[in-house]
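The values are calculated or read from the model by the stated rules, or taken from the named source; none is laboratory data. Since the structure is predicted, the reported quantities are computational estimates derived from the model, not experimental observations. Methodologically, a virtual Cβ is constructed for each residue, glycine included, from the backbone with ideal geometry; neighbour enumeration extends over all protein chains shown. SASA here: full protein model, heavy atoms, side chains in, ligands and nucleic acids out. Shrake-Rupley method; radii C 1.70, N 1.55, O 1.52, S 1.80 Å.
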Amino acid sequence: MILFSAPILTQSLLLLLRSDAATAFYDPLTGLRNRRGLDAAITQRGNDPDGHGSTAAVLVVDLDGFKLVNDRFGHAHGDVVLRVTAEAIDAAFPPPAITARTGGEEFAILTYVDTDAAIEQVAALQTRLAADPEVGVTVSVGVAHLEATSVARDFREAWSRADVAMYAAKRAGGNSVSFDL
């Protein structure tokens, strides 16, 4: 009996582990990558192997006043807002951009565009969120640029600069974009 059941149990365990590993890189609420998935995608993509351009932009997006949404309407509505925001981010930053929910109401994006294109993409995101009555929030965005050929090496540092820029956008009153130049 043991001889016949051991391979079946082993196969079942391997399938379970494989399934768990596949979901370990994605946020279950939004379907975007999580921090681990973001790191893996940056490592896998490397230094713009597809020739998407000479520059890249790292953006940090934070929902303005999200705590009030949860306090006023409840966490279930807050989850809806996060999912709609994730969909809007994916729409505004299509592949080859890499999008992730990095915590709470904060998102990170790596996109291979210049400053003007990044401004257009952020404007599209803000317009889409403003037009959705279910969302009811605005976003503060920090942007930092780096050379596409150094993404694998310099992403973390650019992400940190974009995060500082995002807080500058919040201090400016929110619903704005701040650039780390």
Open item on the list: Placing unit charges on C-beta atoms (Lys and Arg positive, Asp and Glu negative, everything else neutral), compute the dipole magnitude of the range 48-181 about its Cα centre in debye, rounded to 20.
Closed with: 360 debye
TODO: For the range 80-154, give the percent of accessible area contributed by carbon and sulfur heavy atoms, probe 1.4 Å, rounded to a whole number.
DONE: 52 percent
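Would you list Ser176, Ser160 from the most to the least accessible area, probe 1.4 Å? All intermediate terms of the calculation are to be shown ahead of the outcome.
On the way: Ser176 30, Ser160 65 Å².
Sorted by accessible area, descending: Ser160, Ser176.
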- [ ] Leaving ligands, DNA and RNA out of it, work out the accessible area of Glu106 with a 1.4 Å probe and give it in Å² to the nearest 10.
- [x] 30 Å²
Task: Solvent exposure, largest accessible area first (probe 1.4 Å, DNA, RNA and ligands not counted), of Thr149, Thr85, Thr55 - done: Thr149, Thr55, Thr85
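Please state the charge dipole magnitude for the range 57-103, taken about the Cα centre, from unit charges on C-beta atoms (+1 on K and R, -1 on D and E), reported in debye and rounded to the nearest 20. It would help to have the intermediate numbers written out before the result.
Details: 4 positive and 6 negative charges, 14 e Å.
That gives the range 57-103 a dipole magnitude of about 60 debye.
Excluding Arg33 itself, calculate the net charge of residues whose Cβ lies under 14 Å from the Cβ of Arg33, where each Lys or Arg counts +1 and each Asp or Glu counts -1. Let's see the in-between values first.
Numbers: positive: Arg35, Arg36, Arg45, Arg101; negative: Asp27, Asp39, Asp90, Glu106.
With Lys, Arg at +1 and Asp, Glu at -1, the neighbours total 0.
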Task: Simple spin-label estimate for Glu147 and Ala41 in nanometres, 7 Å along Cα-Cβ - done: 2.5 nm
TODO: Would you mind calculating the gained length between Tyr167 and Ala130 on full extension (0.36 nm times residue separation, minus the Cα-Cα distance), in nm to one decimal?
DONE: 11.3 nm
